[in-house]
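Okay, structure first, notes after.
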Amino acid sequence: MRRFTVAAVIVLGLALALAVAGAAIAKPGGPPGQEKKTTTKIQLLTVSDWHGQLTPVNVFGVGDIGGAAFLKTYFDEARAANPNTLTFMAGDSIGATPPISSFFEDEPAIEAMNMMGVTADTFGNHNFDRGVAHLQGMIDLAEFDFIASNLANLEDNLTGVETLKIYDVGGVKVGVVGIVNEEAPTLVTPGALGTLEITDSIAAANRGAIAAKKAGADVVVVLTHKGVRGLNPDGSAFGEVIDLANGVAGGQIDVIVGDHTDFQYSAVHQDRILVVENRSKGLTFAKIELEVDSKGKVVSRSAEFVTPTNAGVTPDPEIQAFIDDLNAELAPILGTVIGSSTKTILRADQCGRADGRLCESLVGNVVTDAMRATYGTDFAITNSGGLRAALTCPDAGASGFCPAPGPTPPFPITRGAVLGVLPFGNQSTTTTVTGVELKAFLENGVSSMPGANGRFPQVSGLCFTYDVNLAPGSRVTSVVEQAADGTCTTTAVDLTAVSSHSLTINDFMAAGGDGYPNVIAKSTTRGLMDQDVADYIMASSPLSPVVSAFPNGRINCTSSGAAVCPTLTPSP
């Protein structure tokens, strides 16, 4: 920037000031010789854990929220207010998607992201649900960048993936690093990552930030499929994204965009790094504003969360027409009503956790009852992370291809709603386990408590009690049989090594997914889980599932120390 000076000769006693020839005139606003700084404001729009939610999500008391066509309208308004905008997601934009996307192998999710104007994304565990060959097809279809900076053997498995990307926005160079969550291999079917190996995230983020700076980046953004797990008693947050933010070297990274845990969070770490995570499925998105001075330094940072309600908003016509065509194609198949229930069957559990990962849930009970009844086994267990939606209409919403909602029961269940609950194409498997192995399944299921985790078990045929204050692996204190009417008996399940029990689980768990014992070698693969559940619903409707409060439920928490059990909400 040019510097201006004033030179003048003032002669005392004279009314005339003689200007020095050739002197420049000073700019107003500062003392002579001082440079006036200018700044550039750039905007980052971020969505976390989108899971191909093309259609709006209906939230009780609020109305419809999100959906690709409405998000695009909100994005366009934000971009009009500041054209210096980049739009990011942080993994799991595909995988565990509603039927409108999963039925077409998630091509609609990628096409919608193209139309929404996404700039870049990274990978989460669900990106690998269908394996690397399918993921390659998604990369090829995308008109945006995929960035992954902590994958070894990348070129042997995937092409078209950037390890670092620099964007020039409004004259500010933004370097973007992508970090895949290290636990991803345990959350997908073994072999789904090919020969990819996920390297240490902190080391990779540091390397990427340094490389970005050397390449001329003014700002460094990390997109990571890591999230906030909860809040400590003092109000501070904990979780993998917090560990990353506190563990990276200071002075290099400006923003970390989190994902994976459906947690809204915004805070500055290490006096510099703005960490932001949104609610999943587009229930919120963030508008991050960075003000960058002429030397490329971020002088201010802020984040605003937006709830993209649909009321009064015009959806993007191109995306809406695309969604309408998909719905018209699927409605005759997935809109078929296959049964009903006397009460609503939600994904949320009896502790009020929306994703059902803390306590017994109605949808968990229905699914595991269906698994056990179909194959006549003693017990059934499924991981809560595999249950993705409400089962009954109208709560299953557009994703469930629900008919016009009625105000009173019975509540209809459609074929699309079943697929919404079970979108992964998992198969049921049956096996025989010892009492020791059965206990190991239950121990693994509650090992992360009181933190919510997808491995949390839903069960049928048994009731068990665990002590949340005991060490993981030694928490299960009681396992009893379940009576035919679903109540818990006083008959203890034999948990010794010489006992034998038949068990139905999903193929993901059987292969060691979510940390469960790997029993795939001795398991028999059966039918598709969604078909098993659909057949059960057709045979058993109207359903009248129940959950019971501690200590008489299928899953009961106690505490012998400082750790606190989840708080129960009124039973549905």
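As an exercise: evaluate A354 against (1) out of contact with any strand residue (DSSP E or B) (no Cβ under 9 Å at 6 or more places or on another chain); (2) farther than 23 Å from G239 by Cα; (3) hydrophobic (A, V, I, L, M, F, W, C) and give the number of the one condition it does not meet.
Just one mismatch for A354, condition (2).
Only one residue in F60, F88 is within 25 Å of L419 (Cβ to Cβ), under 22 Å from the mean Cα position of the chain (by Cα) and either in the same structural domain as M115 (by TED's automatic domain parsing) or surrounded by fewer than 24 Cβ atoms within 10 Å (Cβ to Cβ) (or both), so which one is that? So that I can check it myself, show each step before the final result.
Values: F88 fails: within 25 Å of L419 (Cβ to Cβ).
The match here is F60.
Can you name the residue in region 214-237 that is touching a residue at least 60 places away in the same chain (Cβ under 8 Å) and part of a strand (DSSP E or B) and is also surrounded by the most Cβ atoms within 10 Å (Cβ to Cβ) among such residues?
T224
If you check every pair at least six apart or on different chains, which have Cβ atoms under 8 Å apart with a residue in region 90-114 that is more than 13 Å from S280 (Cα to Cα) first and a residue that is outside any loop (DSSP other than H, G, I, E, B) and hydroxyl-bearing (S, T, Y) second?
Between residues of region 90-114 that are more than 13 Å from S280 (Cα to Cα) and residues that are outside any loop (DSSP other than H, G, I, E, B) and hydroxyl-bearing (S, T, Y), the close pairs are P98/S399; P99/S399; I100/S399; E107/S101; P108/S101; A109/S101.
State all residues of region 505-551 that are closer than 21 Å to P423 by Cα and among the polar types (S, T, N, Q); if no residue qualifies, say none.
Scanning region 505-551 gives N506, T525, Q531.
Can you work out which of the residues in region 465-485 that are among the small types (G, A, S) and either out of contact with any helix residue (DSSP H, G or I) (no Cβ under 8 Å at 6 or more places or on another chain) or not assigned by TED's automatic domain parsing to the domain that holds V546 (or both) is modelled with the lowest pLDDT? Show your work before the answer.
In the first step, residues of region 465-485 are kept if they are among the small types (G, A, S); the result is 471, 473-474, 478, 483-484.
Within this subset, residues satisfying the condition of being either out of contact with any helix residue (DSSP H, G or I) (no Cβ under 8 Å at 6 or more places or on another chain) or not assigned by TED's automatic domain parsing to the domain that holds V546 (or both) are 471, 478, 483-484.
Details: A471: 97, S478: 97, A483: 93, A484: 89.
Going through the qualifying residues, I end up with A484.
Would you be able to say whether some residue in region 469-483 is among the hydrophobic types (A, V, I, L, M, F, W, C), touching a residue at least 40 places away in the same chain (Cβ under 8 Å), touching a strand residue (DSSP E or B) at 6+ places or on another chain (Cβ under 6 Å) and over 19 Å from V363 (Cα atoms)?
yes
Quick one: S399 ticks every box in (1) closer than 20 Å to T261 by Cβ; (2) touching a helix residue (DSSP H, G or I) at 6+ places or on another chain (Cβ under 6 Å); (3) not β-branched (V, I, T) bar one, so which box is it?
Of (1) closer than 20 Å to T261 by Cβ; (2) touching a helix residue (DSSP H, G or I) at 6+ places or on another chain (Cβ under 6 Å); (3) not β-branched (V, I, T), only one is false for S399: (1).
Would you tally the residues in region 184-233 being touching a strand residue (DSSP E or B) at 6+ places or on another chain (Cβ under 7 Å) and among the polar types (S, T, N, Q)?
4
Answer with yes or no whether L438 is under 20 Å from T186 (Cα atoms) and buried (at least 22 other Cβ atoms within 10 Å of the Cβ).
In short, yes.
I need the full set of residues from region 320-348 which are of a type in the set (S, T, N, Q) and part of a strand (DSSP E or B), in order please.
Going residue by residue through region 320-348, those that are of a type in the set (S, T, N, Q) are 320, 327, 336, 340-342, 344.
Passing the criteria: S340, S341.
When you go through (1) under 18 Å from T382 (Cα atoms); (2) modelled with pLDDT of 95 or more; (3) surrounded by fewer than 19 Cβ atoms within 10 Å (Cβ to Cβ) one by one for Q427, which number turns out not to apply?
Of (1) under 18 Å from T382 (Cα atoms); (2) modelled with pLDDT of 95 or more; (3) surrounded by fewer than 19 Cβ atoms within 10 Å (Cβ to Cβ), only one is false for Q427: (2).
Residues checked against (1) in a loop (DSSP other than H, G, I, E, B); (2) in contact (Cβ under 8 Å) with a residue 12 or more places away in the chain; (3) crowded, with 22+ Cβ neighbours inside 10 Å:
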position: T261; (1), (2), (3): yes, yes, yes
position: S266; (1), (2), (3): no, yes, no
position: V275; (1), (2), (3): no, yes, yes
position: K281; (1), (2), (3): no, yes, yes
position: A286; (1), (2), (3): no, yes, yes
position: V292; (1), (2), (3): no, yes, yes
position: K295; (1), (2), (3): yes, no, no
position: R301; (1), (2), (3): no, yes, no
position: F305; (1), (2), (3): no, yes, no
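Give me the residue from region 54-65 that is assigned to a loop (DSSP other than H, G, I, E, B) and modelled with pLDDT under 95 and, out of that set, farthest from M113 (Cα to Cα). Reasoning before the result, please.
Residues of region 54-65 assigned to a loop (DSSP other than H, G, I, E, B): 54-56, 60-62.
Remaining after also requiring modelled with pLDDT under 95: 55-56, 60-62.
On the way: T55: 13, P56: 15, F60: 27, G61: 28, V62: 25 Å.
Per the criteria, the residue is G61.
Collect the residues in region 514-572 that are aromatic (F, W, Y) and under 25 Å from D467 (Cα atoms), keeping them in residue-number order.
Keep residues of region 514-572 that are aromatic (F, W, Y), which gives 516, 536, 550.
Correct list: Y516, F550.
Residues of region 189-213 being assigned to a loop (DSSP other than H, G, I, E, B), surrounded by fewer than 20 Cβ atoms within 10 Å (Cβ to Cβ) and of a type in the set (G, A, S), which ones?
Listed by number, the residues that qualify are G191, G194.
Somewhere in region 510-528, is a residue within 17 Å of V363 (Cβ to Cβ) and in contact (Cβ under 8 Å) with a residue 24 or more places away in the chain? Show your work before the answer.
Applying the first criterion (within 17 Å of V363 (Cβ to Cβ)) to region 510-528 yields none.
Checked region 510-528: no residue is within 17 Å of V363 (Cβ to Cβ) and in contact (Cβ under 8 Å) with a residue 24 or more places away in the chain.
Need a quick list: strands (runs of 3 or more DSSP E) entirely within region 456-572 having at least 2 residues that are buried (at least 18 other Cβ atoms within 10 Å of the Cβ). Don't jump to the end; show me each part of the working.
Details: elements: 457-460, 462-467, 476-482, 488-492, 501-506, 524-528, 555-558.
Of the strands (runs of 3 or more DSSP E) lying wholly inside region 456-572, those with at least 2 residues that are buried (at least 18 other Cβ atoms within 10 Å of the Cβ) span 457-460, 462-467, 476-482, 501-506, 555-558.
For residues that are at pLDDT below 95 and out of contact with any Lys or Arg (no Cβ under 8 Å at 6 or more places or on another chain), tally how many sit in region 66-97.
Quick first cut of region 66-97, residues at pLDDT below 95 only: 95-97.
Still in the list and also out of contact with any Lys or Arg (no Cβ under 8 Å at 6 or more places or on another chain): 97.
Here the count works out to 1.
How many of the residues in region 307-319 are in a helix (DSSP H, G or I) and surrounded by 15 or more Cβ atoms within 10 Å (Cβ to Cβ)?
Just the residues of region 307-319 that are in a helix (DSSP H, G or I), to begin with: 317-319.
Pick out the ones that are also surrounded by 15 or more Cβ atoms within 10 Å (Cβ to Cβ) and you get 319.
Selection size over region 307-319: 1.
Residue pairs, Cβ under 8 Å, 6 or more apart or interchain, first in region 545-567 and aromatic (F, W, Y), second outside any strand (DSSP E or B). List them.
What qualifies is F550/C565; F550/L568.
The values are calculated or read from the model by the stated rules, or taken from the named source; none is laboratory data. Only a predicted model underlies this, so the values are computations on that prediction, with no experimental measurement involved. Backbone-built Cβ (ideal geometry, glycine too); neighbour counts: all protein chains shown.
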